[in-house]
1. Based only on other Cβ atoms within 10 Å, what is the fewest-to-most ordering of B:I306, B:I228?
2. Kindly provide the trypsin sites (Lys or Arg not before Pro) of segment A:63-158 that DSSP labels as loop, not H, G, I, E or B, and whose Cβ sees at most 13 other Cβ atoms within 10 Å.
3. Please return the longest stretch of chain B lacking exposed loop sites, where trypsin sites (Lys or Arg not before Pro) count only if DSSP places them in a loop and at most 13 other Cβ atoms lie within 10 Å.
4. Hey, what did segment B:93-263 get for relative contact order, percent, Cα under 8 Å, at least 6 apart?
5. If you line up the long axis of helix B:231-260 against the longest principal axis of chain B, both from Cα atoms, how many degrees apart are they, to the nearest 10?
6. Which ordering of B:L146, B:L17, A:L139 is given by a fewest-first count of other beta-carbon atoms within 10 Å?
7. Limiting things to C-alpha atoms, what are the Rg and the maximum Cα-Cα separation (Dmax) for chain A, in angstroms?
8. Where in segment B:161-267 are there GluC sites (Glu not before Pro) that are in a DSSP coil and have at most 15 other Cβ atoms within 10 angstrom of their Cβ?
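Bear in mind these aren't lab numbers, they're just calculated from the coordinates by the rules spelled out. Owing to the predicted nature of the structure, the values given are computational and were not obtained by experimental measurement. In this analysis, Cβ positions are derived from the backbone assuming ideal geometry, glycine residues included, and neighbour counts consider all displayed protein chains.
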Amino acid sequence: MIDKKNKTFRAGLIITGIMLLIIIIGAFWTPYDPNAMNGAAKWAKPSFEHLLGADNFGRDIFSRLVEGAGATFFIAAASVAIGLVIGLVIGGLTGWFGGWIDEVLMRIIDSITAFPSILLALVLIAILPSGKYNIILALGLLFIPSFARIVRMEVAKQKNLDYVRNAKLMGVSDMRILFVHILPNVVPVLLSTVAIGFNNAVLSEASMSYLGVGVQPPDPSLGRMLSEAQNYLLSAPWYALSVGIAIILLILGFGLLSEGLGGDGNA
Amino acid sequence: MRYVCKKTGILIITLILVSLLAFLAFQVIPGDPTTKLLGTEYTPERAEALREELGLNRPVFVRYWEWLTGFVTGDMGMSYSYAMDVRDVLHGKVAVTAVLAIISWIIVVGVSIPLGIAMARYQSGRFDRVGVAMNQVFMAIPSFFLGILFTYIFGLVLKWFTPGKFIPFSESFWGCIGYMIFPAIAISIPKIAKVAKLLRSSILHEMGLDYVRTAYSHGNSRWMVIRIHVLRNALLPVVTYLAMSLADIVASSIIVEQVFALPGLGRLLVTSISNRDFPVALCIVVIIAFVVVFMNYLADIVTQYIDPRVRLD
């Protein structure tokens, strides 16, 4: 069983690693300027010159894909970071102190997580002030409950272990026990949740941008490219296909990582 | 029975809270709806008159109560962008989404359960190994991308259906189902992968328990053990998941409707949010939220009915 988890983890690591490498290189160098229009290359077929062909403005699809994947990755990372930090604080404090606030908060979190995240994201997008970063904010807020819940559970579990009692007897302050002593023990469980969160973030960003309520032009994003590509399915099926495969690889990589880390691969 | 009563009580309270939260959420939106409604005819006096007419000047809880009673009796207010009752805007859309969700759900149940059982039965065999790998991949494919793929393969290349040309019920029942089957499959494939995986691991978990060893010692074959003893225990978490997954399916249909240009609730929700037509958006959000809450309620009741040991209070 451990062997199998290891294999899954390694597969995830390879896929995610390759994607990350391409994204990082793409941040500094792409074969073409992603926004450079070139009339001569309009609807170029995939070739050595244009790996994935060119779109209706003659822009190199591969370069745009790399840029879009980078943007999607950045949005996912930023929103997971927001959810993680706030969730960590809320979950840590409620798990440590318990009491009725903990009860009420957990009930609320339970009912929030029962709703499909795309529905909540749409509502948040509607009510947040519009702006370039509101999708990050919306997704970040959305991820707080799941992180808070997992941290709370772990902290409540660790709270009564001997090392914590020991630290208490030695007069270590609550905050220090919580964030210096307990937190490192929560990290392993958290890692798998972070991978799932990433997974959800990529999927949500792609869906929202595909629907036209996420990333707005001229900013790049995989979801937006997919909705553009859909208009040219008949003349350039490889456009939609390559964007879709990029999304799948991102999601698959993080799904495998999460499973290899001991999660169940879906949230 | 007491359990059902208690759950029903919680259900009603949850429904009220959810609708209140959704209502409040749509109240904090920056911007004044009257600006949008009046457009170029905007003057401060007219805006004031309109606000009076729409009742926007009254306290928020009074408005919520009026909205809720209206919602329940079918009077859902006016749409900002269509200048007609929300109810008329929603007319016909609910049915499209409901039919799509139900077809998808039937496909999920019909395919994933035999698949999960077969994978567990031939554990570590070739079928199982291929299945596990395929599951992993299919779980990662977003249903809206599958939708685009289907549009290309079945719509444009094979011409089994005309993309974007939805056939309403009123025209042809089978035509409508025939068009809906493609979005339904697109929605169900990732879900099938998830449920099959869940069922497989649930069966394999049960297979390690003591009663299974006893069943083997009575001379049962692996298939008999699974069918007679293990399955009814292993299905329990799956049934709960399936009941709740209907909500997930409705959520996926929000996006897939866009891919196939289906005139359903999801598509309307997206347009009403982009147009900032909040009375419509609010009603759709509350309808979907009610479905979610109700399916969770049903899942609890069903689970308890199948296995009286489970009392989630």
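1. So the ranking, lowest neighbour count to highest, is B:I228, B:I306.
2. The qualifying sites are A:K132.
3. Free of exposed loop sites, the longest segment is B:1-158.
4. 38
5. 40
6. B:L17, B:L146, A:L139
7. 21.5, 76
8. B:E171
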